[in-house]
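Peer 1: Here it is, the structure, as structure tokens.
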Amino acid sequence: MEKFIETVKQISPTFGGINLEDIKAPECFEIEDRLKKELDIPIMHDDQHGTAIISGAGLLNALELVNKKIEDIKIVVCGAGASAISCTRLYIALGVRPENILMSDSKGILHPGRTDINETKKEFVRKKIQLCNSDTATVFITGATFMTAHSKSNGAIFGIGSSSSSSQAIESVSVVAKDGSGQVLLSASYDNKDRQSASTLAREFGSALADKLK
């Protein structure tokens with residue numbers, strides 16, 4: 001990491017701005033923060049901020065379509081890497097209440113019983129939830145208004161980590177989208193025996209919902 005930072009600093013005088021790309025969490029946060037402090041040109045990490053801008057715009061548009069207030073929604077975030085954390089920070093800046101956000105990484109939901117969470121992830125630990133050995137997809141997505149998926153392939157599937165002994169993989173999942181009055185806009189069930197990532201399943205449902213709302 002030190003060599004990377006020093007290299008960027010050495011080439012910075014020839015650039016008007018620098019866009020960082022494909023740096024994993026949590027190193028990406030420290031690298032970006034230090035470069036912003038030590039250089040006098042704009043520094044951006046595309047995996048974080050580019051994704052957050054697009055995702056935030058999608059959230060605002062979706063809320064307008066279903067006539068819901070941002071301060072009233074519940075968000076679940078599948079994944080806890082660079083893009084997931086940056087997106088979630090932007091959601092909060094846009095008006096989502098932190099207590100209405102539930103996040104998971106590849107080992108399950110972030111909660112106080114976890115002892116394997118780094119400092120960045122601790123920002124999103126739900127202090128009132130005690131799940132320890134009962135992380136389930138039902139708990140994770142029940143009542144959610146909005147779900148954003150940033151999980152790695154074959155990793156977390158709707159908040160359930162395949163690498164955790166206390167977790168279980170999901171072979172099927174049902175999803176329902178409702179408008180502000182509670183009317184069902186679209187419901188779908190997915191056979192997930194092939195263990196697709198959460199982002200793949202969410203993308204399929206999102207595309208179907210967008211087609212229905214045209």
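Peer 1: Examine the stretch 104-120 for a residue that is closer than 13 Å to ALA144 by Cα and in contact with a strand residue (DSSP E or B) (Cβ under 8 Å, 6 or more places away or on another chain), and state whether such a residue exists.
Peer 2: Checked the stretch 104-120: no residue is closer than 13 Å to ALA144 by Cα and in contact with a strand residue (DSSP E or B) (Cβ under 8 Å, 6 or more places away or on another chain).
Peer 1: Given the residues THR145, THR88, THR136, which is the only one that is of a type outside the set (A, V, I, L, M) and modelled with pLDDT of 85 or more?
Peer 2: After applying the criteria, what remains is THR88.
So that you can scan it fast, the table gives a plain yes or no per residue for (1) of a type outside the set (Lys, Arg); (2) under 10 Å from the mean Cα position of the chain (by Cα):
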position: GLY58; (1), (2): yes, no
position: VAL66; (1), (2): yes, no
position: ILE73; (1), (2): yes, no
position: VAL76; (1), (2): yes, yes
position: ALA80; (1), (2): yes, yes
position: SER83; (1), (2): yes, yes
position: LYS107; (1), (2): no, no
position: GLY113; (1), (2): yes, no
position: LYS122; (1), (2): no, no
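The values are calculated or read from the model by the stated rules, or taken from the named source; none is laboratory data. Computed from a predicted model, the values in this text were never measured in an experiment. As a convention, Cβ positions derive from the backbone with ideal geometry for all residues, glycine included, and neighbour counts pool all protein chains shown.
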